[in-house]
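Below is one structure, written out as structure tokens, with a few remarks after it.
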Amino acid sequence: MGLSITEKIFSHHVGREVYADEIIECDIDMVIGNDITTPISIKEFEKVGAKKLAKPKNFSIVMDHFIPAKDIASANQARISRDFALKHDLDYFFDERDMGIEHALMPEKGLVVSGDVIIGADSHTCTHGALGAFSTGMGSTDLAYAMITGKNWFKIPKSIKVVFKGRAGKMVGGKDLILEVIRILGVDGALYKALEFCGEGVENLSMDDRFSLCNMAIEAGAKSGIIAADEVTKQFLEEMRELNGKLRDEPIFHYSDKDANYDREIVIDLEKLEPLVAYPFLPSNGKSISESSRDKIAIQQAFIGSCTNGRLSDLKIASEILKGKKIDKKVRLIVTPGTQRIYKLAHKAGYIDTLLEAGALVSNPTCGACLGGYMGILGDNEKCISTTNRNFIGRMGARSSEVYLANAAVVAQSALEGVIADPR
């Protein structure tokens, strides 16, 4: 019986063929912490008397949720990670001077590559599967175990094969592809499975769209999302090698065998797919933009950013839609670039000026708005159209507020019209 790409990655790490449902321990190539979850890991690390990291070159901390600090508590929380990073002389510690949202920053820094096993104490760590890696979120104590041993335990997930036929239509991107997958499967339809994305539709996606696609695999309950590396992936990795002078490690490319065993196969025809909007209060509650625009849902806030859609292409399409126009006077438009580099590239290309002239507020890279922490909290009964990844009750603020998930084009057009609108 053939192996899936996920089984092959684990087989390579273990040194023998392993299959879905096996429980194994293997080396971790990159452990990712952040300012919210890492202090818990540090506490457990020190509690057991650990003195040094098992693999300091395979550990990183990205300060991205409440940085710059929003209050005294978050400032004190951040200090725990800063003190630890200084004490252990971490090479991969990213704070205000070189900040970014972790799942945009790590690939940009060349610290995650094809063939890696990656864990992070953040559920959207599955983003990095877009590079052909196994990447998943875990708890803070799991992170502590990896800090101490350099390893972790896994039950190898079964795979669901998701085939995208045809080419994506106008204003349809990776966000829409994953919203359609979640609409089909539901929020627990891929529980502890690996979503393996393939087909012509994926081959024609940019890396930005692939990151968006894998980012929300967790919203279907999946353990990971993954796309086999191709020329698009390899070109991205070479660009990051050139940007950083090197990659943390050399990529290893794995591909599923033709006779690999899948738990299920789903085929989605992109010729029929429109931009989607996920209504409150689940990411699976997707409706086509044709239907959504007829509902004329008035919004008070529009948000473009997060680890799902804070990349350069998102800012580009938003600026193209907003160029020479003004957002609706009843709407607040907040734009959060994923990293400082994305911010700089967007400024150089003129996107930032266009967004500002249209009436947008452009913030520093942060996860703050997405989880209702700061930099865009919703008040009572307010509605927000957002490129973020979750729309649960109270996700971005007041429990009576509502979040509608969509791609950057839909958000930009909606900001112009004051209602959820079709950008096509």
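Values for this structure:
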read-out: Placed amide H near Asp328: partners under 5 Å, 5+ positions off or other chain; value: Leu416, Glu417, Gly418
read-out: Inter-label distance, nm, simple model (7 Å from Cα along the C-beta direction), Glu291/Asp380; value: 3.2
read-out: Pairwise FRET efficiency - Lys325 versus Glu242, Cβ, R0 = 25 Å, nearest 0.05; value: 0.10
read-out: Average projected area [Cα convex hull, the stretch 75-191], square nanometres; value: 10.1
read-out: Greater than 23 Å apart at Cα, pairs in Lys326/Lys383; Lys109/Lys193; Lys170/Lys296; Lys109/Lys234; value: Lys109/Lys193
read-out: Within the stretch 150-227: Cβ-based charge dipole about Cα centre, in debye rounded to nearest 20 (Lys, Arg +1; Asp, Glu -1); value: 280
read-out: Interchain or long-range residues, amide H under 5 Å from Met138's placed H; value: Gly120, Ala121, Asp122
read-out: Accessible area of the chain divided out per residue, in Å², using a probe of 1.4 angstrom; value: 39
read-out: Residue with peak Gaussian network fluctuation, the chain [Cα springs, cutoff 10 Å], from Gly49, Gly166, Gly186; value: Gly49
read-out: Size of charge dipole - the stretch 73-173 - debye, nearest 20, with Cβ of Lys, Arg +1 and Asp, Glu -1, no other charges; value: 700
read-out: Solvent exposure ordering (accessible area, 1.4 Å, most first) of Glu22, Glu196, Glu320; value: Glu320, Glu22, Glu196
read-out: The stretch 387-413-the stretch 139-190 distance, computed between alpha-carbon centres (Å); value: 20
read-out: For the stretch 139-296, the fraction of alpha-carbon pairs in successive 10 Å shells from zero, as %; value: 10, 33, 34, 19, 4, 0
read-out: Pairs of alpha carbons in the stretch 10-63 whose separation is greater than 17 Å (percent); value: 54
read-out: Hz values of 3J(HN,Hα) by residue in the stretch 163-169 - Karplus curve (6.51, -1.76, 1.60), Gly and Pro given as x; value: 9, 9, 8, x, 10, 5, x
read-out: Proximal lysines relative to Lys323, as straight alpha-carbon distance under 16 Å, when same-chain residues fewer than 8 apart are discounted; value: Lys348
read-out: Cut-off under 5 Å, modelled amide H: who pairs with Lys287 long-range; value: Val277, Ala278, Tyr279
read-out: Rounded percent of accessible protein surface that carbon and sulfur make up, the stretch 129-282, 1.4 Å probe; value: 48
read-out: Karplus (6.51, -1.76, 1.60) ³J(HN,Hα), θ = phi - 60°, over the stretch 91-108, in Hz, Gly and Pro reported as x; value: 6, 10, 10, 10, 10, 4, 6, 8, 8, x, 6, 3, 7, 9, 6, 4, x, 4
read-out: Cα Rg over Rh - the stretch 232-351, Kirkwood; value: 1.05
read-out: Distance between the stretch 295-353 and the stretch 196-248 - C-alpha centres, whole angstrom; value: 22
read-out: The stretch 1-56 and the stretch 71-137: distance between their alpha carbon centers, rounded to Å; value: 15
read-out: Gyration tensor (alpha-carbon) shape descriptor, the stretch 33-100, a/c threshold 1.5; value: oblate
read-out: Three-way shape call for the stretch 181-233 based on the alpha-carbon gyration tensor, with the a/c threshold at 1.5; value: prolate
read-out: Beta bridges per DSSP with both ends in the stretch 279-424, % antiparallel, nearest 5; value: 5
read-out: Farthest positive-ward along the chain dipole, Cα basis, beta-carbon charges - from Phe10, Phe66, Asn407; value: Phe66
read-out: Taking only Cα atoms of the chain, radius of gyration then Dmax in Å; value: 20.4, 61
read-out: Cβ charges +1 (Lys, Arg) and -1 (Asp, Glu), total dipole of the chain, debye; value: 880
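The values are calculated or read from the model by the stated rules, or taken from the named source; none is laboratory data. What you are looking at is a predicted structure, and each value in this text was computed from that prediction instead of being measured. Here Cβ is always computed from backbone atoms with ideal geometry, including for glycine, and neighbour counts include all displayed protein chains. Quick note on the areas: whole protein, heavy atoms, side chains included, nothing else; ligands and nucleic acids left out. Shrake-Rupley method; radii C 1.70, N 1.55, O 1.52, S 1.80 Å.
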